[in-house]
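Peer 1: Just dropping this structure here.
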Amino acid sequence: MGQVEWAYDLAKDLLETTLPRRWAHTRGVADQAETLAPILGPDTDTLIAACLLHDIGYAPDLVDTGMHQLDGARYLRDIARADERLCRLVAYHSCADNEARQRDLLDVLVKEFDQEQPDLARALTYCDMTTSPDGQHLDVRDRLAEIHSRYGPEHVVSRSISDATPCIVSSVRAVEAALAARGRGRLEQSD
Ligand SMILES: [Fe+2]
């Protein structure tokens, strides 16, 4: 079984019944990953698998610290025996070091997981932060506003997202720029 199929089955098992909206979001995030094939090439399958797994830490059976990025990455490392790159991507997805700091878990996160290469980490952030809770594509600014309104101003997730906003927006814009440059290159080649 390929990495993408394995990740799909695992995420579906963990999310579809208990968290159907989260599963819809997850599938939308993975759809976004497929659109990045022109700039990621052979790493696209790793990104799709990471997108499918990025939110499994919300599954009720996996909740431990309450930081879903860390809980999901630990499950992948210790139980699912996933590829190390997937563990790293999930652990830090969407600039999670900010949430780790807010939850006083940054030392734990850094000790347990290394960061993945920046272009893949940015790509995962792009896919997550341009996908609504129902799996629809949307602009990153609308996505950030949606998170704030869903959690409310006092919640640790809202505070973390505020801290992470520069990292999230710059990641998304970098991926958009890479896609646009790739598109321009294609047009020039066809002239
Ligand atoms: Fe997500």
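The values are calculated or read from the model by the stated rules, or taken from the named source; none is laboratory data. On a predicted model such as this, the values are computed, not experimentally measured, just so you know. In this analysis, Cβ positions are derived from the backbone assuming ideal geometry, glycine residues included, and neighbour counts consider all displayed protein chains. Please note that ligands, DNA and RNA were not included when accessible areas were found on the heavy atoms of the full protein model with its side chains. Shrake-Rupley method; radii C 1.70, N 1.55, O 1.52, S 1.80 Å.
Peer 1: Look through 149, 160, 170 and report the one residue that is among the small types (Gly, Ala, Ser), open to solvent by 40 Å² or more (accessible area, probe 1.4 Å), out of contact with any Phe, Trp or Tyr (no Cβ under 8 Å at 6 or more places or on another chain) and under 22 Å from residue 90 (Cβ atoms).
Peer 2: 170 is the lone residue from the list that is among the small types (Gly, Ala, Ser), open to solvent by 40 Å² or more (accessible area, probe 1.4 Å), out of contact with any Phe, Trp or Tyr (no Cβ under 8 Å at 6 or more places or on another chain) and under 22 Å from residue 90 (Cβ atoms).
Peer 1: Looking only at residues in the range 90-141 that are among the hydroxyl-bearing types (Ser, Thr, Tyr) and under 21 Å from residue 155 (Cβ atoms), which one is surrounded by the most Cβ atoms within 10 Å (Cβ to Cβ)?
Peer 2: Taking the range 90-141 first, the residues among the hydroxyl-bearing types (Ser, Thr, Tyr) are 92, 94, 125-126, 130-132.
In the following step, the residues that additionally are under 21 Å from residue 155 (Cβ atoms) were identified as 92, 94, 125, 131-132.
Numbers: 92: 23, 94: 25, 125: 27, 131: 24, 132: 16.
Among residues in the range 90-141 that are among the hydroxyl-bearing types (Ser, Thr, Tyr) and under 21 Å from residue 155 (Cβ atoms), the one surrounded by the most Cβ atoms within 10 Å (Cβ to Cβ) is 125.
Peer 1: Identify, from the list 27, 22, the residue that is open to solvent by 60 Å² or more (accessible area, probe 1.4 Å) and basic (Lys, Arg). Write out each step before concluding.
Peer 2: Numbers: 22 fails: open to solvent by 60 Å² or more (accessible area, probe 1.4 Å).
One residue alone meets the criteria, 27.
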